[in-house]
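Down below is the structure, laid out as structure tokens.
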Amino acid sequence: MKERFSIKDVQPEAYAAMQALEKYLKSGIIDPLYKELIKVRASQINGCAFCLDMHTRDARNLGETEQRLYLLSAWRESPQFSEEERVILALTEEITLISKRGLTSKTYDKAIQHFGETGTAQLIMMVVAIKRPGHCRYRLV
């Protein structure tokens, strides 16, 4: 593959803004393991092996089990996930696949119920951050 330009070099202000978002999300109120579930599920949907390898490793380091990682793509049929996690996974899928039907009112309302407005906003931004172009360092080169 031909080497591509580095967004960090071409648009340093934009890159710095995205880094600021990443820093903010690290300090948010969302449980770190929930953040990794978002990253793994979005990476499954996006089909990025590099990101899957990185985020499943990070999830394991936070205490996630192999069994739950294996079942993540079938979370609807698995009793392994809590109601909060199901809301997070539905939200992740609906935003990652936004062109299909968008974020449904049902998922949005459940997110507000479980996480409030602030938590829901942070969850949405977590999904947006993983979905954004250029997130995957592997695909930039």
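Of the listed peptides 23-32, 43-52, 9-18, 85-94, what is their order by residue-averaged count of other C-beta atoms within 10 Å, with the highest listed first? Walk me through the intermediate numbers first.
Details: 23-32: 12.8, 43-52: 15.9, 9-18: 11.3, 85-94: 21.7.
Result, highest mean Cβ count within 10 Å first: 85-94, 43-52, 23-32, 9-18.
Here is the link list: Lys8/Lys110; Lys2/Lys35; Lys2/Lys26; Lys39/Lys106; Lys35/Lys100. Which ones come out longer than 28 Å on Cα distance? Write out the running numbers ahead of the final one.
Numbers: Lys8/Lys110 37 Å; Lys2/Lys35 33 Å; Lys2/Lys26 33 Å; Lys39/Lys106 22 Å; Lys35/Lys100 23 Å.
Over 28 Å apart, Cα to Cα: Lys8/Lys110; Lys2/Lys35; Lys2/Lys26.
Before anything else, pin down the relative contact order of the stretch 46-120: Cα pairs under 8 Å, at least 6 apart, normalised by residue count, whole percent.
Result for the stretch 46-120 is 17 percent.
One quarter of the convex hull surface, Cα atoms only: what value does that give for the chain in nm²? Numbers along the way, then the final one.
Values: hull surface 37.1 nm².
Dividing the Cα hull surface by four gives the mean projection, 9.3 nm².
Could you compute how fast the stretch 50-117 diffuses translationally, taking Rh as the Kirkwood radius over C-alpha pairs and applying Stokes-Einstein at 10 °C with viscosity 1.306 mPa s? Give it in µm² per second. Please report the intermediate quantities before stating the final value.
Values: Rh = 13.2 Å.
Using the Kirkwood radius from Cα pairs, D works out to 120 µm²/s.
Would you mind telling me which residue in Ile98, Ile124, Ile38 has the biggest mean-square fluctuation in a Gaussian network model of the chain, where springs connect alpha carbons within a distance under 10 angstrom?
Of Ile98, Ile124, Ile38, the Gaussian network model singles out Ile98 as fluctuating most.
We did not get these values from a lab; they are worked out from the coordinates using the rules stated. The shown structure was predicted, so the numbers you read here are calculated from the model rather than taken from an experiment. Ideal geometry is used to build each Cβ from the backbone, glycine not excepted, and the neighbour counts take in all protein chains shown.
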